[in-house]
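Only one structure is covered here, and it is reproduced in the block below.
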Amino acid sequence: MRSIIIGGGVAGLAMTTALGALPQISESTIIERRPTDAPSGMGFLLMPNGLAALRELAPQVHWAHTGHWIEHASLRASDGSILREHALEPALCVSRARFLSQLRATALGGGRARMLDGASVTHLTTLPDDDAFADRVQSVVLDNGNALDGELFFGCDGARSRFRTMLFPKAELSDAAIHEIVSVAEAPVLARELGTTFRKYHDPRGGLAVGMLAEGNGRVVWFIQMDAERYRLSDASGPTLAAFADATLDGWASDVIEALSTTDFNQSHLWKTRDLPPLPALHRGNAALLGDAAHACLPFTSQGANSALVDAVRLARLLRDVRTVGGTPRAFAEYTRLRRPNHRRLFLEGRRLRAAFLAPVASSGPVLPLVA
């Protein structure tokens, strides 16, 4: 069977890797709209569930080498005073570019997968209604007019998934209530001081926070989270982001000021975070959704990439004994049954954490912004 994977990020590369272990998959094609040299984001946390999925997907890879271990969380006031501290089950802070490079090499290394960079899917075609099942996708059509036929289709194209819209036209993302400026600081001294601790600084009025953690090689991944209603930016250019950070964070803790001073804001990214209300199903016929395309959640959970990795592992397990396209709807239906409760939990947890973030900091201190 031939598989078509729409999206070459974490979800798409993980699914390709998982399919590479199934002998009935003759070839996989990944369609990635971004060109090879496009920016790939800053960094993220690989949580215990994501790390366990990676070990199942590619046990031969030493994934710890792609990042830096995080074992503690220190929640602080904007002046740097400690409000709460937690021990964490070890997580790995990874450079997104480095991690995707390793995952891409793993996905394509078996010789049965290829990647089409800079290509987009414009629409899909289905077989006539008198076929074995009416919802079977036959092919995807690319922006150059070429059609790619397949037996299995996987939508892994992110929160603003076009493929999801093709399968479920009524599915819509929420409005963006939280914006994030995500940056990397070249700050060896600060990275050493952070060590294995994730620090997050909070405005006591709520709705504004700064998080930072060492990613390795003297780099610090850091972000500003803000209430989108209270804090507005005219554009997302580097000078605008730098001016906003300088003005908004004036007088904050020395660590925050150091991160500011060692950041090239021309490389920063403004992320307008949106989540996806739970879908009625994660599949249609022989097409399934994974990762943010299936369950975009708010960044407070730190579960976007991790859930994508788990999605790929669970789907591959369900497909092990499927030898013909006729068996895929049952496997995909079981995938929906297994994963929808978790997606709903992450949606609700993300909303709970968002409400806590927008409110003034409680006397008991801020809420730990991570979901296991």
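Any read-out appearing in this document is the output of simple, stated calculations on the displayed coordinates, not a laboratory observation. None of these values were measured; they are calculated from a predicted model. Don't worry about glycine lacking a Cβ; one is built from the backbone with ideal geometry, like all the others, and counts go over all protein chains shown.
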For this session: Once you have the Kirkwood Rh of the stretch 238-296 from its Cα pairs, apply Stokes-Einstein at 10 °C and 1.306 mPa s and quote D in µm²/s.
Result: 107
Exercise. For ILE224, what is the net charge nearby, where nearby means another residue's Cβ is under 14 Å from its Cβ and Lys, Arg count +1, Asp, Glu -1?
Worked result: -1
Exercise. In 5 Å bins starting at 0, how do the alpha-carbon pair distances of the stretch 268-372 split up by percent?
Worked result: 2, 12, 21, 19, 15, 11, 8, 6, 3, 2, 1, 0
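Need one number: % antiparallel among DSSP beta bridges in the chain, to the nearest 5.
70
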Problem set entry | Approximate spin-label separation HIS72-LYS272, in nm, with each point projected 7 Å along Cα-to-Cβ | 3.9
Exercise. If you stretched the chain out fully between THR324 and GLU229, how much longer would it get, using 0.36 nm times the residue separation minus the C-alpha to C-alpha distance?
Worked result: 29.1 nm
Exercise. Per Stokes-Einstein, at 25 °C and 0.890 mPa s, what whole-number D in µm² s⁻¹ belongs to the stretch 1-114, with the Kirkwood radius over Cα pairs as the hydrodynamic radius?
Worked result: 155
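Quick check on the exposure proxy: order CYS93, CYS297 from fewest to most C-beta atoms within 10 angstrom.
If I rank by nearby Cβ atoms, fewest first, I get CYS93, CYS297.
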Exercise. What ratio of Cα Rg to 2.2 N^0.38 Å holds for the stretch 145-302?
Worked result: 1.26
Exercise. Fewest first, what order do ARG351, ARG76 take by the number of other Cβ atoms within 10 Å?
Worked result: ARG351, ARG76
Problem set entry | For the chain, the fraction of alpha-carbon pairs in successive 10 Å shells from zero, as % | 5, 24, 32, 23, 12, 4, 0
Exercise. With contacts defined as alpha carbon pairs under 8 Å and 6 or more residues apart, what's the relative contact order of the stretch 224-282 in percent?
Worked result: 34
Problem set entry | Cα-only Debye scattering, the stretch 157-240: base-10 log of I(q)/I(0) at q = 0.17 Å⁻¹ | -0.88
Problem set entry | Taking the chain and dividing mean pair separation by its residue count, relative contact order in percent (alpha carbons under 8 Å, at least six apart) | 22
Problem set entry | Å³ per residue enclosed by the Cα convex hull of the stretch 68-176 | 224
Problem set entry | Relative exposure of LYS272, LYS170, judged by other C-beta atoms within 10 Å (fewest first) | LYS170, LYS272
